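In what follows, a structure is listed as structure tokens, so that the remarks can point back to it.
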Amino acid sequence: MSGSRHPSRRPPSPRTHSAAGPLERRTLLLATAAAATGALATACGTAEGQPAGKVAVLGDSAQWEKPMAAAGAAMKTVSAPRLVPEVIPFLESFEQIVRSSLRTNRTPDMLKYWSGYRLQDLARTGGIADLTRQWEDAVAKGWVDASLRDAFTYRRRVYGLPMNLAYWVFYYNPEVFREHRLEAPRTWDDFLTACARLKKNGITPLHGTAGDRWPSFIWFQEILSRQDPRFYADLMNGRERYTDPRAERALRTVASFFDKDWFTPMDTNHPDAAAAMLHGELGMVPCGTWLGSTLAAAGGRPGKNLGAFVLPMADPKARPAVIFESSALLATVKGPDRTEALRATGSWLHPKVMKAFSHTLQDGCPNPKVEAANPVIASLAKKVRGDRLWLLNRFWEQGPPELVEATVDDLAGFLLNPSSYRQTLRTMQDRADDAWQVWREAEKT
């Protein structure tokens, strides 16, 4: 696999998974619509309730089905209901069903959802349960990292419990690095040196993609949070502006990586990038630690051909930081099995449940008492906790959801035309002005 100085050579659409023709797109839309109809029927079935001792959890990821089932079985052993996972694997359909069902009496009992502003947006509807007591009980038992609370809070009350704790890291192949006399970077200069040396030896240094649309935020997030983590936090919470020189510096840095031909083609998805990295064709893949299951399926062996590091700070004077991502377990207020659902939330963070879930998922765990799922996760958790890295929530969960959706598309356009960074930032700020005004007006009600 080789990098591409001009990603527009193989242009993905920011809004679709491939550049399909009209007939193919129509077929895809029809198939998606049919699947959504089936998914809606499934969700309505969920809303009829489960047999006694069971409670359904509606989610959007098929990869989480086995981990949720494992957690459900473990939960049964600690005198709580058994969780039954149900999946709607289409993001738009999932969100539509969740929001429409909360306005009715046919609501799923529990949901796998997002943290941050997306959780706040759902809490505003009044359709999800206050889990503050469950959170405080877990903190008192040492079952959860108390610093995560803000990501699951709305108006000082907790409405979700963390499911995983994914750190955003750079995956690499230690065997390839050793072959080229490289180690996992400890400084920003080490990182740039690794990129240059890999490129010189015929290996594409970095995975970049606008495919599947959502990953378009990754490089802006990673670079900005290393150059100025405080500015990243303020920008994501509407206290700073995209037209600030610090935001421009971040996109200029990404554009300079294009100039050096360090990126893969912009339609390279994560599974293909994972396989290319393990085969020595690609140097580094930035992603959440939840990619671990994909890497394992592709033949990744932690400590051998699979390693990960937190991207070093570009400004050594800045507070060391790492991006995190954590899905939220929610209980609804109108679900048919809501009593059992609330009982389940009280046991979700139990070490037995968390171990079954995180080890099956092969991801980080919000319960610090649970041993890591694999050596890579263990090393990362040790660094994050030992160095007291500042946990910054992922771009996707930061800001009003409508704004995030739009800025992801803007960043996809930038990845396809890196010289457009100034116009991209102006467009993003225009959107932000409107979105934050609407959000803050709603907060007053």
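The values are calculated or read from the model by the stated rules, or taken from the named source; none is laboratory data. Predicted, not measured: the structure shown is a model, and the values here were computed from it. We place every Cβ from the backbone using ideal geometry, glycine too, and count neighbours over all the protein chains shown. The area values use the complete protein model at the heavy-atom level, side chains included, leaving out ligands, DNA and RNA. Shrake-Rupley method; radii C 1.70, N 1.55, O 1.52, S 1.80 Å.
Tell me, what is a quarter of the convex hull surface for the C-alpha atoms of segment 125-175, in nm² with one decimal?
Averaged projected area of segment 125-175's Cα convex hull equals 5.5 nm².
To the nearest 10 degrees, how steep is helix 401-416 against the longest Cα principal axis of the chain, on a 0 to 90 scale?
20
Considering only the other residues whose Cβ falls under 14 Å of the Cβ of Glu179, what net charge follows from Lys and Arg at +1 and Asp and Glu at -1?
Here the count lands on +2.
What spacing in nm lies between the two simple spin-label points modelled at Lys200 and Arg124, each 7 Å away from Cα in the Cβ direction?
Label-label distance for Lys200 and Arg124, simple model: 5.3 nm.
Name all residues of segment 238-275 having a backbone nitrogen under 13 Å from the label point set 7 Å from the Cα of Ser419 along its Cα→Cβ direction, giving them as ranges.
259
May I ask you to order 308-314, 108-114 by the average number of other C-beta atoms within 10 Å around their residues, highest value first? Numbers along the way, then the final one.
Values: 308-314: 20.1, 108-114: 27.0.
Highest mean packing first, the order is 108-114, 308-314.
Taking only Cα atoms, what is the 0 to 90° angle, nearest 10, from helix 351-361's long axis to the longest principal axis of the chain?
Approximately 50 degrees, to the nearest 10.
Above 26 Å lies some portion of the pair distances; for segment 287-425, what is it as a whole percent of all C-alpha pairs?
45
Take the alpha carbon atoms of segment 273-359, find their radius of gyration, then divide it by 2.2 N^0.38 Å using N residues; give the quotient.
Working it through for segment 273-359, the quotient is 1.56.
Quote to one decimal, in nm, the extra length available between Arg106 and Arg157 on full extension: 0.36 nm per residue of separation minus the C-alpha distance between them.
That pair, Arg106 and Arg157, stretches by 15.9 nm at full extension.
Whole number in Å², please: accessible area per residue of segment 166-309, 1.4 Å probe, ligands, DNA and RNA not counted.
Accessible surface, normalised per residue, equals 35 Å².
With label points built 7 Å along Cα→Cβ from the Cα atoms of Ala140 and Glu92, find their separation and express it in nm.
Modelled inter-label distance: 4.6 nm.
Taking only Cα atoms, what is the 0 to 90° angle, nearest 10, from helix 245-259's long axis to the longest principal axis of the chain?
60
Give me the net charge of Ser100's neighbourhood, meaning all other residues with Cβ under 14 Å from the Cβ of Ser100; Lys, Arg count +1, Asp, Glu -1.
Neighbourhood net charge equals +2.
Counting only protein heavy atoms and a 1.4 Å probe, tell me what percentage of segment 122-230's accessible area is made up of carbon and sulfur. Write down the numbers at each step before the final one.
Numbers: 1830 of 4220 Å².
The computed percentage sits at 43.
Among the aspartates and glutamates, select those whose C-alpha is under 13 Å from the C-alpha of Lys76, and discard any that sit fewer than 8 residues away in the same chain.
Within the straight-line cut-off, Lys76 pairs with Glu340.
So I have (1) -0.25, -0.34, -1.45; (2) -0.44, -0.56, -1.13; (3) -0.25, -0.33, -1.30, and one of them is log10 I(q)/I(0) by the Debye sum over Cα atoms at q = 0.06, 0.07, 0.14 Å⁻¹ calculated from this model. Which one is it?
Matching entry in (1) -0.25, -0.34, -1.45; (2) -0.44, -0.56, -1.13; (3) -0.25, -0.33, -1.30: (1).
Please give the calculated 222 nm ellipticity per residue for the chain, where each DSSP H segment of at least 4 residues contributes -39500 (n - 2.57) and the sum is spread over every residue; nearest 500 deg cm²/dmol?
-14500 deg cm²/dmol
How big is D for segment 377-445, in µm² s⁻¹ as a whole number, if Stokes-Einstein is applied with the Kirkwood radius of its Cα pairs at 4 °C and 1.567 mPa s? List each step's numbers first, then the result.
On the way: Rh = 14.5 Å.
The estimated diffusion coefficient comes to 90 µm²/s.
Sort the following peptides by mean Cβ neighbour count (other Cβ atoms within 10 Å, averaged over residues), highest first: 283-291, 345-353, 83-91.
Final packing ranking: 283-291, 345-353, 83-91.
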